[in-house]
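A quick write-up on the structure given underneath.
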Amino acid sequence: MQSKNNKWVIGFLFFVLLTKVAVYYTFMDVTNFFFISSLTIIYLIIFFLFFENKKIASLLYLILSLLMFMDVSYFSYFNRNLSINMIEAVGLLGYVSDSIFEIVKPQFFLLLIDAILMVMYTFLLKPTKNMEYYYWKHRKLKNLKTILSVLLISMISFIVLNPAQGELLTSISNQEFFTYHIQDVLFLSKSKETFGESDFTINENSYENEERDELFGIAKGRNLIVIQVESLQDMMINKFYDGQEITPTLNQLIDNDGIYFNHYFQQLGSGNTSDAEFVSHNSLYASFRSYTYSLYTENYFHGLPWILRDEGYNAMAFHGYKKDFWNRGEAYPGQGFDTYINEGDYEIDEIIGLGITDFDFFDQSVEILKESTQPFYGFLITLSSHHPYEIPNPYKKIALKPEDEETLFGDYLQGVRYTDDAIKRFIEDLKRNDLYENSMIVIYGDHFGLNWKDEDTNQSVSRFLGYPYDYDEMLNIPLIIHIPGINMSKTIDTTGGQIDFLPTVSYLLGVDKLNTLYFGQNLINAETGFVASQTYMSKGSFIQDNIIYEMSRDGIFENGRAWDIKTRESVDLELCKDGYSKAVNEINRGNFYLENDVLRKLLLKNQTIEEILGEKPADQGIIIARGGGIIDNKIMTNSKEALDGSYEKGAKYIEVNIDWTSDGYPVLIEDWNTSVAKLFNQQNKRYSLEEFTSFEMINGWHQMTLDDLIQWIRTHQDVMIIPKVKTDSIDFLKVIKENYPEYINKFIPEMNRMDEFTRAEYLGYPNIIFKVNEDSDYTNREILYFIMLNNVFAAVLPESKIESDYQEVLQLKDKKIYAYFVNDSQRKKELEYKGVVGFYTDDIEELKE
């Protein structure tokens, strides 16, 4: 009877696990259920482990279930998986608890029920000896546990490493529960992007060189008042709801002396509101890893507050919430604000949502502004229209239709109108205190307020708009610049984003030079616009004029979608490839600037571009000595004498072969199966480090260990070493990083697998070669796109196939192409003519002719 009960339990729990997996991927909008395989196996292993160590198994199961619960909750709002990097933001959750409760749907708790029951069973019920004996003394089930464990590890490793870089595995690894989080942990270390000098200029766009019209300096000398409005979307501007004007104040500011940008989009990292202001002030992309004000507090910035202080302004930030929220208290001094007015500085009589009401916030802020030395920059951040938009009944001005009552959309309308009314009184107070006429007032939304992914919200908004609600409306925020007395109004429909805020506002204020590093452009005179996205729409997504492209979450370009914003018709994806490449490159370059604190090096330390990037090789005639170089007509000896000879012949780049001893030490040898007999007169096999170093090399040459190589580098500081590691190349790079970190810049890893190239980047190697083997299993198209979209130090192509297979790669003007390998000077000249700049060789002197 006990045996039948146990079998029934196994069957029931297996059904529960499968159901749980299906529910999880349904919540995550993943319809390809091939992901079930690895997830089912891990749960089966936990299930079998349950009868061996119940407490460990049940706690592990609970942790996994909690992670799934957090994943679906995070995804429901941010449209991406939760990253371990965001753990540091957990402390902020208590501040926005009302919003959290709105985002977390009741159905998400289905993912926790079985885990809670398992924990209760484990800790409350007494174990049954017969059950434990039945499962774990039975050899077949014990063997099954081992088989499943091996299968699981192999499957996940294969998916994570994705050796073939196939689209199917790429799709799985970017979305499957375990592989995503394993990659997230593995790649936690900071990314080190590398760029050439052409990518690295003080001015990303030509603000200083553009032609200037009558609007340049139209607000010169005026106070600047910027209001960052919580959750304000452009679809509220100049709109009526059932005959009721939603934003009458903002509409009047546009119609009277206003410049209105109606195709203006949010461009955030992971910091939402804080990133909106960071991007706007600095014209730099925010971090995707976590909120920028936390990660880069110590970086040097020279954004709008600093620029205006250089112009004689004092810069003040106003926010009626906690000083340390989004780490503003620590970040603001570095951003250029010399005064920060926060929750502790306001008298709070009434709270709506997160804190002080917008009415009270503006009333008290005006009192501070009127006492400030002019000209000033006042940056004000509103609160009342924060999700979930719970405006008290006495303040609700919009009469809702029955279908919109008690909906998020209905509440949002009330929140927007409330803030609009508060801005009206703020404008009146400015006039009353003689601040209005001498100020330029700028208003923009920090980010969207209504997520199109929420089904109920989507239906409500689509009904309001009269067409399907999608990212083109969701990410569209207004930018309104009101300049009293200019006697003109203008609507600019050039596509732009928060990255363009700095140059646009500076232009109107008459700032001659920005003297900083920036990505944006002045939208006043721009004829075309481009917006790169990395959150909500995945990295690689972009909006260019009327075209919007959304990169698929699985990382496959062809699985994305594109449409025309005006006609709402689909667009051929082939037309989006250049925009996709540009978007990826801009985000990567922005990350490089943050990670390397580039502004500090350029502006404060007066470093040159070459110093920041590190020494780069000449662009022509680079010669790489293969296997240490030829010596006495023998190649690939990797001996000290070979390296010495190559150096004497002028080689500044030397490739060495690396393999591991039997006891796990890296040494210089091409192949244990062939080189030992040829070079040491010993039997071909793998030896220990002690045995390897005890052998006498032919011709009195000297074999080299890694320690020997490091010692050689110490006396040859002008040489770069290119390690060609036979197996476990990432482990070798880790050995260098951990034991010889001061020499990491002397190594240029040579990687022939795309996944290993990326892992080498994450280890911090600044220069990495991508080598295409003659028998490579990558398609020519995959190779082209990988080289094009990644920051390779050089792409090494097989000499015999350069003309026949890789013509398109040769056309990549911003990429250095090396040939492997060339021993004939005439052939070298032929390839140089076709664009090859580097050559692996055995015969340095031949190629120098």
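The values are calculated or read from the model by the stated rules, or taken from the named source; none is laboratory data. Nothing here was measured: the structure is a model prediction, and the numbers come from that model. Using ideal geometry, Cβ is built from the backbone for each residue, glycine included, and neighbour counts are taken over all protein chains shown. Accessible surface is based on the protein model in full, side chains and every heavy atom, while ligands, DNA and RNA are left aside. Shrake-Rupley method; radii C 1.70, N 1.55, O 1.52, S 1.80 Å.
Computed values, structure above
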item	result
Filter pass, Lys424 being touching a Ser or Thr at 6+ places or on another chain (Cβ under 8 Å), open to solvent by 10 Å² or more (accessible area, probe 1.4 Å) and not in a loop (DSSP other than H, G, I, E, B)	yes
Selection within the stretch 823-842 - surrounded by fewer than 18 Cβ atoms within 10 Å (Cβ to Cβ) and touching a residue at least 24 places away in the same chain (Cβ under 8 Å)	Ser825, Arg827, Glu832, Lys834, Gly835
Members of the stretch 755-784 that are open to solvent by less than 10 Å² (accessible area, probe 1.4 Å) and among the aliphatic types (A, V, I, L, M)	Ala760, Ile768, Ile769, Val772, Ile783
Of all residues making up the stretch 289-308, the number that are part of a loop (DSSP other than H, G, I, E, B), of a type outside the set (D, E, K, R) and touching a residue at least 40 places away in the same chain (Cβ under 8 Å)	8
Residues of the stretch 718-750 satisfying the condition of being on the phi < 0 side of the Ramachandran plot, in contact (Cβ under 8 Å) with a residue 40 or more places away in the chain and not in a helix (DSSP H, G or I)	Asp718, Val719, Met720, Ile721, Ile722, Pro723, Lys724, Val725, Lys726, Thr727, Ile748, Glu750
One residue from Tyr412, Tyr469 being more than 30 Å from Ile218 (Cβ to Cβ), without any contact (Cβ under 8 Å) to a residue 24 or more places away in the chain and open to solvent by less than 10 Å² (accessible area, probe 1.4 Å)	Tyr469
Residue ID - farthest from Phe288 (Cα to Cα), chosen from residues in the stretch 548-586 that are modelled with pLDDT under 90 and of a type in the set (Val, Ile, Thr)	Ile556
The stretch 456-472 - residue that is closer than 14 Å to Met236 by Cβ and assigned to a helix (DSSP H, G or I) and, of those, nearest to the chain's Cα centre (by Cα)	Val461
Residue check for Ile631: out of contact with any strand residue (DSSP E or B) (no Cβ under 9 Å at 6 or more places or on another chain), open to solvent by less than 30 Å² (accessible area, probe 1.4 Å) and modelled with pLDDT under 90	no
Unmet criterion (only one of (1) buried (at least 16 other Cβ atoms within 10 Å of the Cβ); (2) more than 22 Å from the chain's Cα centre (by Cα); (3) modelled with pLDDT under 95) for Val226	(3)
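To keep it simple, each residue is scored yes or no on (1) modelled with pLDDT of 90 or more; (2) of a type in the set (Gly, Ala, Ser); (3) in contact with a Ser or Thr (Cβ under 6 Å, 6 or more places away or on another chain).
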site: Leu161; (1), (2), (3): no, no, no
site: Gly166; (1), (2), (3): no, yes, no
site: Tyr180; (1), (2), (3): no, no, no
site: Phe216; (1), (2), (3): yes, no, no
site: Gly221; (1), (2), (3): yes, yes, no
site: Gln244; (1), (2), (3): yes, no, no
site: Gln267; (1), (2), (3): yes, no, no
